[in-house]
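Q: Submitted below is the structure of interest, expressed as structure tokens.
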Amino acid sequence: MSEESLVLSTIEGPIAILTLNRPQALNALSPALIDDLIRHLEACDADDTIRVIIITGAGRAFAAGADIKAMANATPIDMLTSGMIARWARIAAVRKPVIAAVNGYALGGGCELAMMCDIIIASENAQFGQPEINLGIIPGAGGTQRLTRALGPYRAMELILTGATISAQEALAHGLVCRVCPPESLLDEARRIAQTIATKSPLAVQLAKEAVRMAAETTVREGLAIELRNFYLLFASADQKEGMQAFIEKRAPNFSGR
Ligand code: HXC
């Protein structure tokens with residue numbers, strides 16, 4: 001398999017669908033796969049025609065974690081100097097909305113990857129968990145923080161200490177995922193959400209994403225300041241004038257992204 005095919009990219013108008021494509025290894029997130037994913041994500045982020053990105057997995061997993069075989073003999077210095085895990089931060093730094101369409105296992109780094117996305121939907125057979133404890137390690141790409149915010153400290157602690165997984169239904173009950181659907185309709189459901197977002201002003205979408213992220217990443221006071229700054233900023237946009245004028249004229253808005 002060429003390195004190019006570790007992530008498949010399909011562009012459908014304003015939507016980019018990125019498919020993790022190592023099904024024989026349950027899409028284990030090797031450094032090469034992560035690099036390819038980052039390359040695609042950053043290309044989508046820089047492309048004005050793309051409004052929303054969907055990440056999904058080929059086969060029976062979203063991703064069964066970071067590639068254990070690639071880490072098994074690593075030293076701490078290897079892990080540090082290779083930037084193997086540190087560069088995952090570039091996934092969370094994408095400015096456009098990213099939807100995770102979780103089609104099966106989302107374990108370890110796979111669960112962390114899903115939680116770096118902005119919206120998570122899951123097929124009925126999806127499973128989420130942080131089983132790193134079974135390998136003698138702990139989550140290293142945000143699992144202890146993001147899972148704890150999603151599930152609350154006690155359930156997250158139980159999962160991280162026992163390595164147990166939760167079903168799509170339980171993830172739904174906790175608000176980790178916002179929708180559960182049959183496997184065959186997962187991508188269409190993701191497309192529907194993406195299409196709706198793609199009709200909005202991309203500026204408002206970007207600044208809303210940034211402000212909502214702040215709720216988990218900073219204090220309420222700082223988050224409120226960023227929300228207000230972004231709110232004011234949008235009054236400098238043509239899209240705000242268009243959106244409000246369209247409401248007054250009882251017509252659909254025509255957003256330009258300016
Ligand atoms: C490398 C993996 C892998 C992984 C599966 N495979 N997960 N290879 N890294 N994380 C490979 C298997 O070795 C096997 O390859 C093939 O995929 C199919 O997997 P099986 O185990 O045969 O499938 P099954 O019996 O159905 O079990 C599915 C499974 C199990 C329960 C998901 O594969 C599993 O427990 N995987 C590991 C999950 C895990 O521990 N994830 C956390 C990784 S650490 P062969 O060649 O034998 O066919 C991590 C740290 C993150 O994510 C730190 C920060 C990024």
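Q: Per the 1.4 Å probe, what fraction of the accessible area of the chain, in percent, lies on carbon and sulfur atoms?
A: That share works out to 60 percent.
Q: Taking θ as phi - 60°, what are the ³J(HN,Hα) couplings along region 185-200 by the Karplus curve (6.51, -1.76, 1.60), each to the nearest whole Hz, with x for Gly and Pro?
A: So the J values, rounded to whole Hz, are 10, 4, 5, 5, 5, 4, 4, 4, 5, 4, 4, 5, 5, 5, 7, 8.
Q: Distance between Cα centroids, region 157-212 to region 1-70: provide it in whole Å.
A: 17
Q: Given the DSSP H assignment, sum -39500 (n - 2.57) over each helix run of at least 4 residues in the chain and divide by its residue total; what's the result at 222 nm in deg cm²/dmol, nearest 500? Let's see the in-between values first.
A: Values: 12 runs with 120 residues, N = 258.
Roughly -13500 deg cm²/dmol at 222 nm, from the helical runs in the chain.
Q: Any lysines with Cα under 30 Å of the LYS250 Cα? List them, leaving off those in the same chain fewer than 8 positions away.
A: Correct list for LYS250: LYS96, LYS200, LYS209, LYS241.
Q: Convert each backbone phi in region 223-240 into a coupling constant with the Karplus relation 6.51 cos²θ - 1.76 cosθ + 1.60 (shift: θ = phi - 60°), then list the ³J(HN,Hα) values in order as whole Hz, x for Gly and Pro.
A: Working through the residues one at a time gives x, 5, 5, 5, 4, 5, 4, 5, 4, 4, 4, 5, 6, 8, 9, 5, 5, 5 Hz.
Q: Using a basic spin-label model with each label point 7 Å from the Cα along Cα→Cβ, how many nm lie between GLU242 and ALA43?
A: 2.7
Q: FRET efficiency for ASN73 and ASP35, Cβ-Cβ distance as r, R0 = 25 Å, nearest 0.05? Please report the intermediate quantities before stating the final value.
A: Details: r = 20 Å, r/R0 = 0.80.
For R0 = 25 Å, the calculated efficiency reads 0.80.
Q: Also: Hey, if we sort MET116, MET214, MET157 by accessible area with the 1.4 Å probe, largest down, what's the order?
A: Working: MET116 10, MET214 35, MET157 110 Å².
Final ranking, largest accessible area leading: MET157, MET214, MET116.
Q: At R0 = 22 Å, how high is the FRET efficiency between ALA164 and ILE137 if r is their beta carbon distance? Nearest 0.05 is fine. Present the calculation step by step, with values, prior to reporting the outcome.
A: Details: r = 16 Å, r/R0 = 0.74.
For R0 = 22 Å, the calculated efficiency reads 0.85.
Q: How large is the charge dipole for the chain, taken about the Cα centre, if only the Cβ atoms of Lys, Arg (+1) and Asp, Glu (-1) carry charge, to the nearest 20 debye? Kindly include the intermediate steps, with their values, before the conclusion.
A: Values: 24 positive and 27 negative charges, 123 e Å.
Result for the chain is approximately 600 debye, rounded to the nearest 20.
Q: Expressed as a fraction of 2.2 N^0.38 Å, the rule-of-thumb size for a compact globular protein of N residues, what is the C-alpha radius of gyration of region 121-258? Walk me through the numbers before you get to the answer.
A: Numbers: Rg = 19.4 Å, N = 138, 2.2 N^0.38 = 14.3 Å.
For region 121-258, the normalised Cα radius of gyration is 1.36.
Q: Could you pull the Cα extents of the chain along its three principal axes, largest to smallest, in whole Å?
A: Result for the chain: principal-axis Cα extents of 62, 43, 39 Å.
The values are calculated or read from the model by the stated rules, or taken from the named source; none is laboratory data. Because the structure is a prediction, the values reported are computed rather than measured. A quick note on method: Cβ atoms are made from the backbone with ideal geometry, for glycine too, and the neighbour counts reach across all protein chains shown. Heavy atoms of the whole protein, side chains included, go into the accessibility calculation; ligands, DNA and RNA do not. Shrake-Rupley method; radii C 1.70, N 1.55, O 1.52, S 1.80 Å.
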